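These notes are about the structure you will find just below.
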Amino acid sequence: MPMKKTLFILSIIPVFVFAKEKENKQQFSISTGYVQTTGNTETSTANIKTKYTYKTDSKRIYFDLNAVYGSTNGKKSSEYIDGNIRFEKRKFPYFFFWDIHYYRNPFQGYKHSIGTGPGIGRYFYHNAQSYLSLSYYVYYVYNDLNQPSLYTNKYFERYFLHHIEERFKKKFTKSLKFTQKLVYKVSSRKRQDYFVYFESSIINSFTKHLALEISYTINYQNLPLGSKIKRLDTTLSTLVQYNF
């Protein structure tokens with residue numbers, strides 16, 4: 001299926017783009033498995049996630065891609081793509097960054113959404129076992145919609161999207177760790193137009209390369225694009241993760 005091939009190619013781009021860099025500067029993982037979605041899609045299907053980090057003493061490049069695609073009796077039952085590239089400069093405990101973000105979810109009305117902009121963050125603590133950070137960033141967003149927006153009556157939108165993000169990581173043992181991300185977003189599109197994204201994961205490593213990941217995400221939009229679009233979407237994932 002073309003969509004599945006496209007997602008696979010996107011997920012392995014970092015392997016080829018950064019293949020010549022020294023191994024100790026890179027972290028790359030790819031995960032695939034089973035997901036259960038509720039909200040605007042009610043289905044069980046497969047998904048793919050990939051994460052890549054390139055780091056030096058003061059600089060970071062992050063690439064993240066999370067995609068879900070499913071069909072039932074030849075009809076699309078779910079489709080979700082969330083990708084992000086972050087270029088980061090650290091001056092500990094602060095970090096400064098620029099994001100390029102892509103989002104697609106036709107079941108929420110978004111054919112394509114592209115956002116980009118700067119941000120600043122701070123680590124409240126950071127060590128080998130755990131960290132906690134808080135950041136603020138703002139995107140200039142362009143949305144290509146599959147239906148007229150209730151708020152602009154157009155098939156496209158442009159606005160600013162402000163983010164407050166909290167990230168937490170805790171390593172309990174050498175093989176078991178917990179991660180959490182909470183993002184509160186407020187747009188300039190309309191009053192009371194805000195979004196909440198929450199993700200938590202438990203990752204249990206079996207070997208140096210192989211791990212089991214269980215994650216749960218909540219995606220809430222206070223003012224959906226259409227009257228038939230639900231505010232809350234959730235995803236429960238059980239994934240096998242391979243670390244290169």
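The values are calculated or read from the model by the stated rules, or taken from the named source; none is laboratory data. Predicted, not measured: the structure shown is a model, and the values here were computed from it. Note that each Cβ is placed from the backbone with ideal geometry, even for glycine, and that neighbours are counted across all protein chains shown.
So here's what we get for this one:
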read-out: Only listed residue being part of a loop (DSSP other than H, G, I, E, B), crowded, with 17+ Cβ neighbours inside 10 Å and either in contact (Cβ under 8 Å) with a residue 60 or more places away in the chain or small (G, A, S) (or both), chosen from S135, S149; value: S149
read-out: Conditions (1) farther than 22 Å from F87 by Cα; (2) touching a strand residue (DSSP E or B) at 6+ places or on another chain (Cβ under 8 Å): number failed by N153; value: (2)
read-out: Checklist (1) under 21 Å from K49 (Cβ atoms); (2) of a type in the set (A, V, I, L, M, F, W, C); (3) surrounded by fewer than 14 Cβ atoms within 10 Å (Cβ to Cβ) applied to I164, failing item; value: (1)
read-out: Scan of region 93-121 for residues that are loosely packed, with under 14 Cβ neighbours inside 10 Å and either assigned to a loop (DSSP other than H, G, I, E, B) or touching a residue at least 24 places away in the same chain (Cβ under 8 Å) (or both), ordered by number; value: P93, Y94, I120
read-out: Residue, nearest to F178 (Cα to Cα), within region 200-238, restricted to residues that are exposed (fewer than 14 other Cβ atoms within 10 Å of the Cβ) and of a type in the set (A, V, I, L, M); value: L210
read-out: Some residue of region 109-129 being polar (S, T, N, Q) and modelled with pLDDT of 95 or more; value: yes
read-out: Whichever residue in region 51-107 is within 17 Å of the chain's Cα centre (by Cα) and among the polar types (S, T, N, Q) and, among such residues, is farthest from S135 (Cα to Cα); value: S78
read-out: Residues that are surrounded by 16 or more Cβ atoms within 10 Å (Cβ to Cβ) and polar (S, T, N, Q), drawn from region 167-199; value: T179, S187
read-out: Subset of region 122-132 that is in contact (Cβ under 8 Å) with a residue 12 or more places away in the chain and assigned to a strand (DSSP E or B) - its residue that is surrounded by the fewest Cβ atoms within 10 Å (Cβ to Cβ); value: F124
read-out: Test result for K190, more than 22 Å from the chain's Cα centre (by Cα) and either part of a loop (DSSP other than H, G, I, E, B) or more than 26 Å from T37 (Cβ to Cβ) (or both); value: yes
read-out: Test for E157: is it among the charged types (D, E, K, R), assigned to a strand (DSSP E or B), surrounded by 15 or more Cβ atoms within 10 Å (Cβ to Cβ) and under 18 Å from the mean Cα position of the chain (by Cα); value: no
read-out: Residue within region 194-214 that is in a strand (DSSP E or B), in contact (Cβ under 8 Å) with a residue 40 or more places away in the chain and among the polar types (S, T, N, Q) present; value: no
read-out: Given (1) touching a Gly at 6+ places or on another chain (Cβ under 9 Å); (2) of a type in the set (F, W, Y); (3) modelled with pLDDT under 95, number of the condition F95 does not satisfy; value: (3)
read-out: Which listed residue, of K55, K49, K59, is in contact (Cβ under 8 Å) with a residue 24 or more places away in the chain, out of contact with any Lys or Arg (no Cβ under 8 Å at 6 or more places or on another chain) and either on the phi > 0 side of the Ramachandran plot or not hydroxyl-bearing (S, T, Y) (or both); value: K49
read-out: Residue list for region 25-78, filter: part of a loop (DSSP other than H, G, I, E, B) and surrounded by 15 or more Cβ atoms within 10 Å (Cβ to Cβ); value: G39, N40, T41
